[in-house]
Amino acid sequence: MRTYRYFLLLFWVGQPYPTFSTPLSKRTSGFPAKKRALELSGNSKNELNRSKRSWMWNQFFLLEEYTGSDYQYVGKLHSDQDRGDGSLKYILSGDGAGDLFIINENTGDIQATKRLDREEKPVYILRAQAINRRTGRPVEPESEFIIKIHDINDNEPIFTKDVYTATVPEMSDVGTFVVQVTATDADDPTYGNSAKVVYSILQGQPYFSVESETGIIKTALLNMDRENREQYQVVIQAKDMGGQMGGLSGTTTVNITLTDVNDNPPRFPQSTYQFKTPESSPPGTPIGRIKASDADVGENAAIEYSITDGEGLDMFDVITDQETQEGIITVKKFLDFEKKKVYTLKVEASNPHVEPRFLYLGPFKDSATVRIVVEDVDEPPVFRKLAYVLQIREDAQINTTIGSVTAQDPDAARNPVKYSVDRHTDMDRIFNIDSGNGSIFTSKLLDRETLLWHNITVIATEINNPKQSSRVPLYIKVLDVNDNAPEFAEFYETFVCEKAKADQLIQTLRAVDKDDPYSGHQFSFSLAPEAVSGSNFTIQDNKDNTAGILTRKNGYNRHEMSTYLLPVVISDNDYPVQSSTGTVTVRVCACDHHGNMQSCHAEALIHPTGLSTGALVAILLCIVILLVTVVLFAALRRQRKKEPLIISKEDIRDNIVSYNDEGGGEEDTQAFDIGTLRNPEAIEDNKLRRDIVPEALFLPRRTPTARDNTDVRDFINQRLKENDTDPTAPPYDSLATYAYEGTGSVADSLSSLESVTTDGDQDYDYLSDWGPRFKKLADMYGGVDSDKDS
């Protein structure tokens, strides 16, 4: 017989809130839904064995928000091996173990220590185990159980937004969707009605309604007009518990704006408008503004203006100001007070964007009458033509009348007009005008070949009001007269070969004429009468305004006659006939057998070895260039300045030569010989200066030898005077420094080096007589003497 051991999980009901337990199967995911089944297994063919059940564990339920003063009892754990002797110890682990949930390790009682909130955590998963208190080993395997928090209605519905904003077109049908509001409840939607939300409208009726289950707000009133009321504030309530008594609720505000639709036609505030404009207003001039009002806004309030009827339909225009939605009446054509003084127009205002569903409200346009009065102004004279074109022959005499212009005052007064020529357009005063009748006449002779067209301006001015004037262009064409003789088109100089044959063409002649006859030019060519007899050439007229020069004999000799001058008479065929004589130069030249010119100078046979003109010119040019080069070189030599050999980057007009040689002292006989200064004869006679560029070779001047007892200062002054008068000296001052102290000093040398080498004792009492500046020295050296005496 087999022995079975049982570990029991006992569930106790605690007060004042009950707990519930249900069997659970092995936990995989979610909550177990079925009771754990007995596991059957067999060791033999016909034997059924029952598997051992270690735990019997449950699912527990606790109510949230427990308000009692004691710990809330959850349940009890018990093992079938528990003998009640305290040998077993119960252990609890998992979510909240030891903090939210505690267990009595001896009895297995489980308690909740704090208030639980399902919205924070709805399920707690824990693990239980019984161990041997003495050995610490588990007597049962660890098993898992669940504590589920039961919901109570402790959360009110909350809307996703505190304030909603929505729009809906005006004049919308009933039931038109506006906006949907949404509220959420944190309570458990699977337990009771705590999370079941119902919507209702608290404010905003009868204009809007809300669906209780979905929160969709719709229009509830027909033909809501934006022009009457644009803004609406609706308050919506969301209540849980399905809207029953005792349920919690929350509210939100919905601001609804009616958007505009084109449901209002434009309307003129008045039926008639009147404006005035002077007759001088040019096209495009604004006369006045009209405006129709439209209760709509934005695009629905856009207005277009047009002239539909009236007497001034073609004289005026209307345009729309897009910013102000006004109609601007403008002048379309020039006005004339004398022709028409008043115009009447019919102006229409309409909406360009019309919604067909509102056409039943009537036509979306309106019209008004506009009366325009034309005012008279003093206008300038008006010419009968916009421009005048006149003609005159170029041989016309002075004061010949060309034509006339006419202008008159368009005003009713018909003021008299005077005429004048704008002299800026006729600077030479070739034309003039009669100020009374506008007749144009010449004041100078004309020449078509100089200027074909004359463009001048005539001014007409009112005599009573000189400010009123007008201008008109006048184009005068000068007609041609045959007053110019034809002449050669170019200067002709040709040649004839010495071996030319008779009737050989040597040159083709062409002519031009400044005149421009109507029928075109027709020139004739012939030899001058004085050259016809005995001429060696003939002229052949080609009858096409050209002619050819032909030889009259065989052979020419350039040594007998090298050049022929052939006078040719050119005549035109106009009236009166004009002719001129031109001379053609024909040179006799030597030619090859192809007739190509080789030489036309007879001197080439006489002086075959002579130089050509080009060679002579080249030789003369070389000589001139050579002479200019020599002259420039000599001038630069004279003007070249003397440059010092010693050039410093700090060179200025005064140059200081510094010798940075300190010397070796009095004992140094190798550094400088002062005897050289005392004996100028020691200087080499041919030794020159090295600080300037020598311009010419000057022998050094002999200077008298200085006496042995001459002071060095006198010697230097003498040398300075000599250098001032020396023409070879540089044109700037040169300072030479001589490190020579001189002889005969009263104090002798103050050097202590010399004192050390002196065998005898020195007397320094005289230092006290030199004054306060030498008092320190007197004290120093005087003290030394007193020390020696002591």
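Just a few scattered comments:
- Residues of segment 94-109 that are open to solvent by 50 Å² or more (accessible area, probe 1.4 Å) and in a strand (DSSP E or B): 102 alone.
- Subset of segment 172-201 (residues that are in contact with a strand residue (DSSP E or B) (Cβ under 9 Å, 6 or more places away or on another chain) and farther than 12 Å from residue 217 by Cβ): 172, 173, 174, 183, 184, 185, 186, 188, 191, 195, 197, 198
- Selection from segment 481-499 of residues that are farther than 19 Å from residue 601 by Cα, open to solvent by 40 Å² or more (accessible area, probe 1.4 Å) and in a loop (DSSP other than H, G, I, E, B): 483, 489, 490, 491
- Filtered residue count, segment 545-568, keeping only those that are assigned to a strand (DSSP E or B) and open to solvent by less than 30 Å² (accessible area, probe 1.4 Å): 9
- Criterion: at pLDDT 95 or above and within 56 Å of the chain's Cα centre (by Cα) - qualifying residue of 389, 377: 389
- Scanning segment 302-351 for residues that are in contact (Cβ under 8 Å) with a residue 40 or more places away in the chain, aliphatic (A, V, I, L, M) and either open to solvent by 70 Å² or more (accessible area, probe 1.4 Å) or farther than 16 Å from residue 288 by Cβ (or both) yields a total of 2.
- If you go through segment 118-140 and pick out every residue that is farther than 18 Å from residue 87 by Cβ and in a loop (DSSP other than H, G, I, E, B), you end up with 5.
- Among strands (runs of 3 or more DSSP E) entirely within segment 355-455, having at least 1 residues that are over 30 Å from residue 335 (Cβ atoms) and either out of contact with any helix residue (DSSP H, G or I) (no Cβ under 8 Å at 6 or more places or on another chain) or open to solvent by 60 Å² or more (accessible area, probe 1.4 Å) (or both) singles out 388-393, 401-404, 417-421, 431-433, 439-442.
- Residue within segment 110-117 that is in a loop (DSSP other than H, G, I, E, B), in contact with a Leu (Cβ under 7 Å, 6 or more places away or on another chain) and free of Cβ contacts under 8 Å to residues at least 40 places away in the same chain present: yes
- Subset of segment 101-136 that is among the basic types (Lys, Arg) and touching a strand residue (DSSP E or B) at 6+ places or on another chain (Cβ under 6 Å) - its residue that is modelled with the highest pLDDT: 127
- Residues within segment 295-313 that are over 17 Å from residue 271 (Cβ atoms) and either part of a helix (DSSP H, G or I) or acidic (Asp, Glu) (or both), tallied: 7
- Any hit, segment 209-220, residues being outside any strand (DSSP E or B), of a type in the set (Asp, Glu), over 24 Å from residue 296 (Cα atoms) and in contact with a Phe, Trp or Tyr (Cβ under 9 Å, 6 or more places away or on another chain): yes
- Only listed residue being over 12 Å from residue 145 (Cα atoms) and modelled with pLDDT under 70, chosen from 87, 54, 69, 79: 54
- Note on segment 215-225: residues that are open to solvent by 20 Å² or more (accessible area, probe 1.4 Å) and either in contact with a His (Cβ under 9 Å, 6 or more places away or on another chain) or not aliphatic (A, V, I, L, M) (or both) total 3.
- Taken over segment 226-271, residues that are touching a strand residue (DSSP E or B) at 6+ places or on another chain (Cβ under 8 Å), open to solvent by 50 Å² or more (accessible area, probe 1.4 Å) and part of a loop (DSSP other than H, G, I, E, B) amount to 6.
- Tally of residues being under 16 Å from residue 469 (Cα atoms) and out of contact with any Gly (no Cβ under 9 Å at 6 or more places or on another chain) across segment 417-432: 4
- Any chance residue 522 is under 20 Å from residue 571 (Cα atoms) and assigned to a strand (DSSP E or B): no
- Filtered by the rule that a residue be over 15 Å from residue 572 (Cα atoms), of a type outside the set (S, T, N, Q) and exposed (fewer than 15 other Cβ atoms within 10 Å of the Cβ), segment 500-519 gives 501, 502, 503, 505.
- Selection count, segment 533-544, where residues are closer than 22 Å to residue 510 by Cβ and either at pLDDT 90 or above or open to solvent by 60 Å² or more (accessible area, probe 1.4 Å) (or both): 8
- Test for residue 284: is it open to solvent by 30 Å² or more (accessible area, probe 1.4 Å) and either closer than 30 Å to residue 373 by Cβ or small (Gly, Ala, Ser) (or both): yes
A quick yes/no check of all residues on (1) open to solvent by less than 60 Å² (accessible area, probe 1.4 Å); (2) among the hydrophobic types (A, V, I, L, M, F, W, C):
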| residue | (1), (2) |
| --- | --- |
| 143 | yes, no |
| 150 | yes, no |
| 154 | yes, no |
| 159 | yes, yes |
| 170 | yes, no |
| 174 | no, yes |
| 179 | yes, yes |
| 184 | no, no |
| 191 | no, no |
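- The set of residues from segment 456-480 being part of a strand (DSSP E or B) and either among the basic types (Lys, Arg) or at positive phi (or both) comprises 471, 477.
- Residues in segment 584-599 that are open to solvent by less than 50 Å² (accessible area, probe 1.4 Å) and at pLDDT 85 or above: 584, 585, 586, 588, 589, 590, 591, 592.
The values are calculated or read from the model by the stated rules, or taken from the named source; none is laboratory data. Bear in mind the structure is a predicted one, so any value in this text is a computation, not a measurement. Backbone-built Cβ (ideal geometry, glycine too); neighbour counts: all protein chains shown. Side chains included, ligands, DNA and RNA excluded: accessible areas come from the protein's heavy atoms. Shrake-Rupley method; radii C 1.70, N 1.55, O 1.52, S 1.80 Å.
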